[in-house]
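The values are calculated or read from the model by the stated rules, or taken from the named source; none is laboratory data. A quick note: this is a predicted structure, and the numbers were derived from the prediction, not measured. All Cβ positions, glycine included, derive from the backbone under ideal geometry; neighbour counts span all protein chains shown. Accessible surface areas use protein heavy atoms only, side chains included; no ligands, DNA or RNA. Shrake-Rupley method; radii C 1.70, N 1.55, O 1.52, S 1.80 Å.
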Amino acid sequence: MYLSRPAKNPARRDPTLLAGVMIGVAIIYLVFVLFLPLFTVFFEALRKGFGDYFRGLADRDALSAIKLTLLIAAIAAPLNTVFGLAAAWCVTKFEFFGKNVLLTLIDLPFSISPVISGLVYVLLYGANGWFGPTLDAWGIQIIFTVTGIVLATTLVTLPFVARELIPLMQGQGTDEEAAAATLGAGGLRTFFLVTLPNIKWGLMYGVLLCTARAMGEFGAVAVVSGKIRGQTATMPLQVEILYNEYNFVAAFAVASLLALFALITLAVKTFLEARFAHELAAQRWR
Amino acid sequence: MTDAVARRWRFVEPSALPGFKPAMGFTMVYLSFFLLLPLAALILRPWEHGWDHVWKVISAPRTLDALKLSFGAAFFAACINAVFGTIVAWVLVRYDFFGRRLLDAFVDLPFALPTAVAGISLAAIYAPNGMVGKVFAPHDIMIAYTPIGVMIALIFVGFPFVVRSIQPVLEDMSVEVEEAAATLGAGRIRTIIQVVFPVIFPALTAGFSLAFARAVGEYGSVIFIAGNIQNVTEIAPLLIVMRLEEFDYAGAAAVGLVMLTLSVVLLFVLNLIQSWISRRGA
């Protein structure tokens, strides 16, 4: 066991005082910015003991929020996985006009405020939206329903899988697929037997980040859901509803479950990065 | 030249690989439905009650204050993260100490933790009766429900960007550069400032831009700690939500369009600065 070991190369050995101050500053910053908020979630959730904590989680509305959140993620993540695969296939295996425009578009949802990602669907499908009244006449409602939440969540999480796959597949080139095609393999066969095994861990990584974000999305969903308890309140929205009712223990109980999901995500992500470093594009998360 | 003329213009270069048409078709349909059509609505709808309405919404003091707060707090938060993110990246890459890998994994926490969870947690910490808030409250210093609180939330959401931008550059930097500096008699601190820092500076500006862009549009982690006091701690995304609650679609779209335009322009400028810096460094 050691606390701090000096750099192996003397040219990189910082003065002990400098190293100590830097480590100290970094740890204090991390404690205040990261660990204190994380700790507080669990602390506040358990403030009144385990009884109240589990009562908060077992509440009917909380359970329906958990179900809804899982449902949304189970729809949005596969949608964006198929999209990510299709987009990455075009971008990395072919040369075509306007590729950079396509890449910029795929990245765009990252630079849009989540609230705007929700707003745009209200502008389209809301009561005063472009298509809202027509759809309403057909008996179809999108805003304030699960459909609207799925749309907004899908837009927010659209880039995740594509952003992981594109640099990864770019690095792998087209040789293996070209060989398969020359040997007479069809498109699907080439994809499932040649491409997919090469990208499976990267794909999993992208899906992981996509799912995590889909479950935690707040701003976009807040705009389109209408926050109807037990119906269109996802877990993050349920947290807000409970908090605004000053039901802090219950709010933090639901929040602690989301924090637990986040910790599991981090653990799986760290494991994938450590174990399959060469089969990931090691992209930055956003 | 003749080569270029002889070649017919093609949308896609010929390839032995299958599947371009269906994959491209699906990609375009998907993007149109989820991204292009919605964006078209954002760009076109503000104008439906005419220029005057757009101008009235944008020039209202409440909107201007909200925009100032969103962009200002995001800027200061990104600055603070630039300083401390650099230190954290340095410590994580260059020092070997107990718990380093665990800390490294936790850097991504703000990406993984849902913003609403961070929001209520920060509000609880910095409220006057909270763990940190009560230290300052007796001195009449308020953190939650002030612009400082907004900035603290934005520091949280933007934190990983700078660290994750700088880390790979520090890792890939060859040791010879620093050896040369040491051999030529530069002290360690002088080497860091004059040799290492210029190398990581482009990555630092990139991380700064990402943190800034993310913070400008942030909603979930801010609204709880902000207290949403009109003209003081109302952020721009909150105004969109309020306009929508009043069914003022054009007004909401106008605020959204202004935010998007400002972000795009700012990111463009930051990109220019960044490429200028890296060209000068090269």
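With the crude spin-label approximation of a point 7 Å out along Cα→Cβ, what separation in nm comes out for B:ARG279 versus A:ARG229?
6.0 nm
Compute the Cα gyration tensor for the protein assembly as shown, then decide on rounded, prolate or oblate, letting a ≥ b ≥ c be the square roots of its eigenvalues: rounded whenever a/c is under 1.5, prolate when a/b is larger than b/c in the other cases, and oblate in all that remain. Walk me through the numbers before you get to the answer.
Working: a/c = 1.45, a/b = 1.02, b/c = 1.42.
Here the protein assembly as shown falls in the rounded category.
Running a GNM on chain A with Cα contacts under 10 Å, which residue among A:ALA65, A:ALA259, A:ALA11 ends up with the highest mean-square fluctuation?
Per the Cα network of chain A with a 10 Å cutoff, A:ALA11 tops the list.
Give the shape of the stretch B:20-112 as rounded, prolate or oblate, defined through the alpha-carbon gyration tensor: a ≥ b ≥ c are the square roots of its eigenvalues, a/c under 1.5 means rounded, and otherwise the shape is prolate if a/b is larger than b/c and oblate if not. Please list the in-between numbers first.
On the way: a/c = 4.77, a/b = 1.44, b/c = 3.30.
Oblate, since a/c reaches 1.5 and b/c is not below a/b.
Anyone know which of A:ALA152, A:ALA58, A:ALA19 comes out most mobile in the 10 Å Cα GNM of chain A?
With Cα springs under 10 Å in chain A, the top fluctuation among A:ALA152, A:ALA58, A:ALA19 is at A:ALA19.
At R0 = 45 Å, how high is the FRET efficiency between A:HIS278 and B:GLU246 if r is their beta carbon distance? Nearest 0.05 is fine. Write out the running numbers ahead of the final one.
Working: r = 54 Å, r/R0 = 1.19.
My answer for the efficiency is 0.25.
Helices from chain B with mean Kyte-Doolittle at least 1.0 and a Cα length along the axis of 24 Å or more, per DSSP H: which?
Details: long enough: B:61-94 (48 Å, 1.23); B:147-172 (38 Å, 1.43); B:197-216 (27 Å, 1.55); B:249-281 (47 Å, 1.39).
In chain B, the long hydrophobic H runs are B:61-94, B:147-172, B:197-216, B:249-281.
Mind checking which of A:GLU164, A:GLU240, A:GLU95 has the largest fluctuation in a GNM of chain A, springs on alpha carbons under 10 Å?
So, out of A:GLU164, A:GLU240, A:GLU95, the one fluctuating most is A:GLU95.
Determine the relative contact order of the stretch A:57-177: mean sequence separation of Cα pairs under 8 Å and six or more apart, normalised by residue count, in whole percent. Kindly include the intermediate steps, with their values, before the conclusion.
Working: 93 pairs, mean separation 50.4, N = 121.
Reported relative contact order: 42 percent.
What's the FRET efficiency of B:SER59 with B:ILE189 using the Cβ-Cβ distance as r and R₀ = 45 Å, to the nearest 0.05? Show your work: numbers first, answer last.
Details: r = 50 Å, r/R0 = 1.11.
The computed FRET efficiency comes out at 0.35.
Can you put A:VAL239, B:VAL175 in order of accessible area, largest first, using a 1.4 Å probe?
Numbers: A:VAL239 0, B:VAL175 35 Å².
Reading off the accessible areas and sorting them downward yields B:VAL175, A:VAL239.
If we sort B:184-190, A:137-143, B:68-74 on the protection proxy, mean other Cβ atoms within 10 Å, highest first, what's the order? Before the final figure, lay out the partial values.
Working: B:184-190: 12.0, A:137-143: 13.9, B:68-74: 21.6.
Averaged packing, sorted descending, gives the order B:68-74, A:137-143, B:184-190.
Work from the charge dipole of the stretch B:51-281 (Cβ charges, +1 for Lys and Arg, -1 for Asp and Glu, about the Cα centre) and give the residue of B:ILE193, B:LEU257, B:VAL83 farthest towards its positive end.
Result: B:ILE193, furthest along the dipole toward the positive end.
Grab the Cα-Cα distance for B:PHE98 and B:GLU48, subtract it from 0.36 nm times how many residues apart they are, and report the gain in nm with one decimal. All intermediate terms of the calculation are to be shown ahead of the outcome.
Details: separation 50, 0.36 × 50 = 18.00 nm, distance 6.07 nm.
My answer for the length gained is 11.9 nm.
Put A:VAL120, B:VAL199 in order of accessible area, largest first, 1.4 Å probe: what do you get? Working shown, then result.
Numbers: A:VAL120 5, B:VAL199 65 Å².
Of A:VAL120, B:VAL199, the descending order of accessible area is B:VAL199, A:VAL120.
Taking square-rooted eigenvalues a ≥ b ≥ c of the alpha carbon gyration tensor, is the stretch B:123-282 rounded, prolate or oblate, where a/c under 1.5 means rounded and, failing that, a/b exceeding b/c means prolate?
Details: a/c = 3.81, a/b = 1.65, b/c = 2.30.
Note, shape of the stretch B:123-282 comes out oblate.
Can you give me the relative contact order of chain B as a percent, contacts being Cα pairs under 8 Å and 6 or more apart? Walk me through the numbers before you get to the answer.
Numbers: 319 pairs, mean separation 80.7, N = 282.
Worked out over chain B, it gives 29 percent.
Place a +1 charge on the Cβ of each Lys and Arg in the protein assembly as shown and a -1 charge on the Cβ of each Asp and Glu, then give the dipole magnitude about the Cα centre in debye, rounded to the nearest 20.
Dipole size: approximately 660 debye.
Return the subset of A:LYS269/B:LYS68; A:LYS99/A:LYS269; A:LYS67/B:LYS56; A:LYS67/B:LYS21; A:LYS48/B:LYS68 for which the Cα-Cα distance in this structure is over 32 Å, preserving the input order. Could the numbers behind the result be given before it?
Values: A:LYS269/B:LYS68 37 Å; A:LYS99/A:LYS269 30 Å; A:LYS67/B:LYS56 43 Å; A:LYS67/B:LYS21 37 Å; A:LYS48/B:LYS68 40 Å.
Distance filter (> 32 Å) returns A:LYS269/B:LYS68; A:LYS67/B:LYS56; A:LYS67/B:LYS21; A:LYS48/B:LYS68.
With all pairs of different alpha carbon atoms counted, what Kirkwood hydrodynamic radius in Å does the stretch A:57-279 show?
Hydrodynamic radius (Kirkwood, Cα only) of the stretch A:57-279 equals 19.2 Å.
Mind giving me the nanometre distance, one decimal, between the label points for A:PHE271 and A:LEU135, set 7 Å out from Cα along Cα→Cβ?
3.9 nm
Once you have the Cα-Cα distance between B:GLU176 and B:ARG8, take 0.36 nm times their residue separation minus that, and quote the gain in nm to one decimal.
Details: separation 168, 0.36 × 168 = 60.48 nm, distance 4.97 nm.
Full-extension gain reported as 55.5 nm.
With point charges of +1 on the Cβ of Lys and Arg and -1 on the Cβ of Asp and Glu, referenced to the Cα centre of the stretch A:57-279, which listed residue (A:ALA58, A:LEU242, A:GLY126) lies farthest in the positive direction of the dipole?
Sorting the options by dipole projection puts first A:ALA58.
Multiply the residue separation of A:PHE50 and A:LEU193 by 0.36 nm, subtract the distance between their alpha-carbon atoms, and state the gained length in nm to one decimal. Mind dumping the intermediate values first?
Values: separation 143, 0.36 × 143 = 51.48 nm, distance 5.00 nm.
Stretched out fully, the A:PHE50 to A:LEU193 stretch lengthens by 46.5 nm.
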